[in-house]
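Engineer: Just passing along the structure, written as structure tokens.
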Amino acid sequence: MKKKITVLTLCAMLFALCYSASAQQPKKVPRIGYLSLGSGFRANDEAFRQGLRELGYTEGQNIVVEWRFVDGKSERYRDFAAELVRLKVDAIVTASGDDPIIAAMNVTKTIPIIILTGSDPVARGFVASLTHPGGNVTGVSYMLHELNGKRLELLKEVVPKLLRIAVLGDRDHQNYNVQMKELEVAAQALSLQLQPVQARAADDLENAFSVMAKDRAGALLVLSNPAIGFFLGTVVQFAAKGRLPSIYATPSWVAAGGLMSYAPAYADQYRRAAVYVDKILKGTKPGDLPIERPTKFELVVNLKTAKQIGVTIPQKVLARADWVIK
């Protein structure tokens, strides 16, 4: 009997020692990479952080985020993406367009990539389909080109006699042709003429707006292009100087003095990216997570700018606005 008790006691002690050793093993803290065009934290980046917090993640405690901002220099994406792979991150979040997606896809076929893009990810070859992405890529697509028709309608409401609209973009941007095709269809339905004007850098803008004035453009639509956002202040100033009613793809342009924007609720989409992170960390394969599309859209109007350029915003437009700057 004593022998039996001794054996049981030893077993209990061994179990306790093993349990104690196991309890002392530090739990692996997940590490996430984040690639962005910006030069530092912006509202959308903070929305992603907020999404993580809402899911119970606290940076530096139970999750590490490797923030990588290329400061507008897209050629740096590849080096940063390779660095994140060397750090053995558990997932990579790509913000601000397609360049970070391409960079990440070029350096890893296994680490999950969570995208935030305005492109059609199927047309761009990032995923096999929206419902079954396959591979290591999933995330959110704003499908921004599909909203350009609505933007034309809004300009037409604000300027009923509008005939000619300048379209500012860069024909070398990967989504330029897709956006222009969508606009051409919408313009035809609204009996509007499009005037494509090119700009790749801030130095191109003076000439671009001279062309708009020469060709008597009655309004301006700026195509979605993260790089152009780096000189949004200059675009807005030229538009105000030329008294051009303008519409943009992100609210930040309106906050900077643009007239209107119509876009997805970006903060919601960045919070949704955090949900993808959570699901992947819990074991879901990225290829099994459908690409989400926005369901909420926001119209932003700047009445200060309207007064400055001599435009009256119809009450029916103001009634639909989610945010009005007075």
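Engineer: When the chain is modelled as a GNM with alpha-carbon springs shorter than 10 Å, which of Val197, Val64, Val185 fluctuates the most?
Structural biologist: Looking only at Val197, Val64, Val185, the largest GNM fluctuation is found for Val185.
Engineer: GNM, the chain, Cα, under 10 Å: largest mean-square fluctuation among Tyr57, Tyr77, Tyr142?
Structural biologist: Greatest mean-square fluctuation among the candidates belongs to Tyr57.
Engineer: Also: Go through Thr250, Val158, Gln269 and say which Cα lies farthest out towards the positive end of the charge dipole of the chain; charges sit on Cβ, +1 for Lys and Arg, -1 for Asp and Glu.
Structural biologist: Working it through, the farthest residue towards the positive pole turns out to be Gln269.
Engineer: Note the angle between two axes, namely the Cα long axis of helix 176-189 and the longest principal axis of the Cα atoms of the chain, as a number of degrees from 0 to 90, rounded to the nearest 10.
Structural biologist: 50 degrees
Engineer: Per residue, how big is the convex hull around the C-alpha atoms of region 116-263? Give it to me in cubic angstrom, could you?
Structural biologist: 107 Å³
Engineer: List the residues, sorted by chain then number, that are 5 or more residues from Ile325 or on another chain and whose placed amide H is less than 5 Å from its amide H.
Structural biologist: Amide H neighbours of Ile325, under 5 Å, 5+ apart: Val301, Asn302, Leu303.
Engineer: Any idea of Glu153's accessible area? Nearest 10 Å², probe 1.4 Å.
Structural biologist: Accessible area, nearest 10 Å²: 80 Å².
Engineer: I'd like the orientation of helix 2-24 relative to the chain: the angle between its Cα long axis and the longest Cα principal axis, in ° from 0 to 90, rounded to 10.
Structural biologist: Relative to the chain, helix 2-24 is tipped by roughly 20 degrees.
Engineer: Something else now. Straight distance only, please: which aspartates and glutamates reach the Cα of Lys28 with their own Cα at less than 18 Å, same-chain residues fewer than 8 apart left out?
Structural biologist: List returned: Glu59, Glu66, Asp90, Asp278.
Engineer: Using a probe of 1.4 angstrom, how much of the accessible area of region 207-258 is carbon and sulfur, in percent?
Structural biologist: Answer for region 207-258: carbon and sulfur cover 53 percent of the accessible area.
Engineer: Using a 1.4 Å probe and ignoring any ligands, DNA or RNA, find the accessible area of Arg78 and quote it in Å² to the nearest 10.
Structural biologist: 130 Å²
Engineer: Not counting ligands, DNA or RNA, and with a 1.4 Å probe, what is Arg53's accessible surface area in Å² rounded to the nearest 10?
Structural biologist: That residue has around 110 Å² of solvent-accessible surface.
Engineer: Taking every Cα atom in region 123-207, find the radius of gyration and the maximum pairwise distance Dmax, and write them in Å.
Structural biologist: 16.0, 49
Engineer: Would you mind checking the pairs Lys150/Lys285; Lys161/Lys296; Lys150/Lys241 and listing those with alpha carbons more than 27 angstrom apart?
Structural biologist: Lys150/Lys285; Lys161/Lys296
Engineer: At 222 nm, what helix-only mean residue ellipticity would the chain give, in deg cm²/dmol to the nearest 500, using -39500 (n - 2.57) for each DSSP H run of four or more?
Structural biologist: Result for the chain: -12000 deg cm²/dmol, rounded to the nearest 500.
Engineer: Can you grab the distance from the C-alpha centre of region 31-73 to the C-alpha centre of region 186-255, Å, no decimals?
Structural biologist: Computed from Cα coordinates, the inter-centre distance equals 31 Å.
Engineer: Which value, in debye to the nearest 20, gives the size of the charge dipole of the chain about its Cα centre, when Lys and Arg are +1 and Asp and Glu are -1 at the Cβ?
Structural biologist: 940 debye
Engineer: So, one more: Counting residues in region 64-150 as N, plug N into 2.2 N^0.38 Å and put the Cα Rg over that result.
Structural biologist: It is 1.09.
Engineer: Quick one: go through region 163-178 and flag any residue whose amide nitrogen is under 15 Å from the point 7 Å out along the Cα-to-Cβ line of Glu184.
Structural biologist: 167, 171, 176-178
Engineer: May I ask you to give the average projected area over all directions of the convex hull of the Cα atoms of the chain, in nm² rounded to one decimal?
Structural biologist: Averaged projected hull area, Cα only: 21.0 nm².
Engineer: Taking the simple approach of a point 7 Å from Cα along Cα-to-Cβ for both Ala82 and His132, what is their distance in nm?
Structural biologist: Placing both labels 7 Å along Cα→Cβ, they lie 3.6 nm apart.
Engineer: Checking a compactness column here: for region 168-216, what do you get for Rg(Cα) / (2.2 N^0.38 Å), N being the number of residues?
Structural biologist: The value comes to 1.24.
Engineer: For the chain, with every protein chain kept in place, what is the accessible area per residue (1.4 Å probe, Å²)?
Structural biologist: Using a 1.4 Å probe on heavy atoms only, each residue of the chain averages 50 Å².
Engineer: Just to check I understand the Karplus step: with θ = phi - 60° and J = 6.51 cos²θ - 1.76 cosθ + 1.60, what whole-Hz values come out for region 277-290, glycine and proline as x?
Structural biologist: 4, 4, 5, 5, 5, 8, x, 6, 6, x, x, 9, 9, x
The values are calculated or read from the model by the stated rules, or taken from the named source; none is laboratory data. Note that this is a predicted model, so its numbers are computed, not measured. No Cβ is skipped: glycine too gets one built from the backbone with ideal geometry, and neighbour counts run over all protein chains shown. Keep in mind that these areas ignore ligands, DNA and RNA; they rest on the heavy atoms of the full protein, side chains included. Shrake-Rupley method; radii C 1.70, N 1.55, O 1.52, S 1.80 Å.
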